[in-house]
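S.K.: Once you've had a glance at the structure underneath, I'll fire off some questions.
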Amino acid sequence: QGCAQKYIVKNYFYYYLFKFSAALGEEIFYITFLPFIYWNIDHSVSRRMIIIWSIVMYIGQVSKDILKWPRPLSPPVVKLEMRTDAEYGMPSTHAMAATAISFSFLIATTNQYKYPFELGLVAAFVFSTLVCLSRLYTGMHTVLDVIGGALISAVLLVLLYPAWDTIDHLLLTSPFCPLLSIVVPLVLCYNYPKLDYYSPTRGDTTTILGAGAGATVGFWLNNQYATPAYTSENFQLGFPLITSKMLVVVLARFFVGIFIVLLTRRLMKSVVLGMLGYRYKFPIGDLEARRRLEVEVPYKFITYSSVGFSATVLVPLLHGLLGLM
């Protein structure tokens, strides 16, 4: 762990722009944007984005700990973040996530919604570029890290795109989906590459795979017992058709959903940590104990799979009870 460096901000516009852009590749963005798409725009688009995001991020995180390329030296760079400094640099998972999320959203919506493709392409390019540049500005990655992350993500999108519909159909209809959605990510988390020192990459990967697993189980349950995905009418937003009433519904869905998601995360975190602390005899506040494999993986996986399940099953049920569907 490094110490916070002293620096003088000479351009507040760039400083806040890139600090904000960096946040677009972190948990606070994932936990708000991806559920927002599911609640308010289109279930099929959200499903595809979550699956792509999970696969891309897993490959990116594992690649870091296999390649073990160091982050930029400081000095000469000034590092504006400390938490991720313990991770390796290549590839930039911020760049991978931004590329995957923006362009998978563009590809998934192009044939379903009427909007200028050029506008969507520019928006996806600007979004991913801002996140990539933020990693250079904050001193967390080299140019090669960022370019490598964006290219890996682009290649994965190209390779996965032909199988999107097949993967989506299997995840919604296969009777083995719930079991495989839990077992496969857990196996990957427990067999994550080992390092000589602790890095948050394993915990972050477990968080991502857990959220994806919980959401996938939710997708399957909704298709089996609620509304079949291929016959449901999705809530579709057309840019010229947004009314004040629709805006109120969108905001209501979002704030109700986020409240439930954050409440779920807080409750499950406390419960799971409490149970693991009792099992392995450590106080909840013991950070070193929480980093152990037998604690970190179940704690993060159960917590965030509950978050993913809550966002896709419990929140829509509550929306229905409140008349927000």
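S.K.: According to a simple spin-label model (label point 7 Å from Cα along Cα-to-Cβ), what is the distance in nm between residue 288 and residue 317?
M.R.: 4.2
S.K.: Moving on. For the chain, modelled as a GNM with alpha-carbon contacts under 10 angstrom, which of 291, 266, 279 fluctuates the most?
M.R.: In the Gaussian network model the winner is 279.
S.K.: If you rank 166, 205 by how much accessible surface each has, with a 1.4 Å probe, what is the order from largest down? Write out the running numbers ahead of the final one.
M.R.: Values: 166 80, 205 5 Å².
In descending accessible area the options line up as 166, 205.
S.K.: In addition: Can you give the accessible area of residue 81 in Å² (nearest 10), computed on protein heavy atoms with a 1.4 Å probe?
M.R.: In the full protein context, residue 81 sits at about 30 Å².
S.K.: Can I ask one more? Students sometimes get this wrong: rank 107, 28 by accessible area, probe 1.4 Å, all chains present, largest first.
M.R.: 28, 107
S.K.: To continue, here is another question. Would you work out if segment 21-137 is rounded, prolate or oblate? Take a ≥ b ≥ c from the square roots of the eigenvalues of the alpha-carbon gyration tensor; rounded if a/c is under 1.5, else prolate when a/b is larger than b/c, oblate otherwise. Mind showing how you got there, number by number?
M.R.: Working: a/c = 2.35, a/b = 1.88, b/c = 1.25.
It comes out prolate by the Cα gyration axes.
S.K.: Another one. Once you've got the GNM for the chain with C-alpha springs shorter than 10 Å, pick whichever of 211, 123, 22 has the biggest mean-square fluctuation.
M.R.: Highest fluctuation among the options: 123.
S.K.: Solvent-accessible area of residue 44, probe 1.4 Å, all protein chains present, reported in Å² to the nearest ten, please.
M.R.: Counting only protein heavy atoms, the figure is 20 Å².
S.K.: Probe radius 1.4 Å, ligands and nucleic acids left out: which of 286, 145 has the largest accessible area, and how do the rest follow? Numbers along the way, then the final one.
M.R.: Numbers: 286 55, 145 5 Å².
Result of the area sort, largest leading: 286, 145.
S.K.: Once you list every other residue whose beta carbon is under 14 Å from the beta carbon of residue 35, what net charge do they have if Lys and Arg are +1 and Asp and Glu are -1? Numbers along the way, then the final one.
M.R.: Numbers: positive: 47, 253, 265; negative: 27, 42.
Here the charged neighbours net out to +1.
S.K.: Also: Using 0.36 nm per residue of separation minus the Cα-Cα distance, give me the extension gain between residue 14 and residue 256 in nm, one decimal. Mind showing how you got there, number by number?
M.R.: Numbers: separation 242, 0.36 × 242 = 87.12 nm, distance 3.33 nm.
Difference between extended and current length: 83.8 nm.
S.K.: Sticking with this one: Cα gyration tensor of segment 114-223, axes a ≥ b ≥ c as square roots of the eigenvalues: rounded (a/c below 1.5), prolate (a/b > b/c) or oblate?
M.R.: Oblate shape, in that a/c is at least 1.5 and b/c is the bigger or equal ratio.
S.K.: Of 19/114; 194/300; 68/300; 19/300, which pairs sit farther than 28 Å apart, going by alpha carbon to alpha carbon?
M.R.: 19/114, as the Cα separations exceed 28 Å there.
S.K.: Using a/c under 1.5 as the rounded threshold, could you call the chain rounded, prolate or oblate? The axes a ≥ b ≥ c are square roots of the C-alpha gyration tensor eigenvalues, and prolate needs a/b larger than b/c, oblate otherwise. Spell out each step's value before the answer.
M.R.: Numbers: a/c = 1.59, a/b = 1.19, b/c = 1.34.
Oblate is the answer for the chain, as a/c is 1.5 or above yet b/c matches or exceeds a/b.
S.K.: Okay, next question. With springs only between Cα atoms under 10 Å apart, run a GNM on the chain and tell me which of 56, 122, 295 wobbles the most.
M.R.: Checking each option, the largest mean-square fluctuation is seen for 122.
The values are calculated or read from the model by the stated rules, or taken from the named source; none is laboratory data. What you see is a predicted model, and the numbers here were worked out from it, not measured in a lab. All Cβ positions, even for glycine, are placed from backbone atoms using ideal geometry, and neighbour counts span all protein chains on display. Keep in mind that these areas ignore ligands, DNA and RNA; they rest on the heavy atoms of the full protein, side chains included. Shrake-Rupley method; radii C 1.70, N 1.55, O 1.52, S 1.80 Å.
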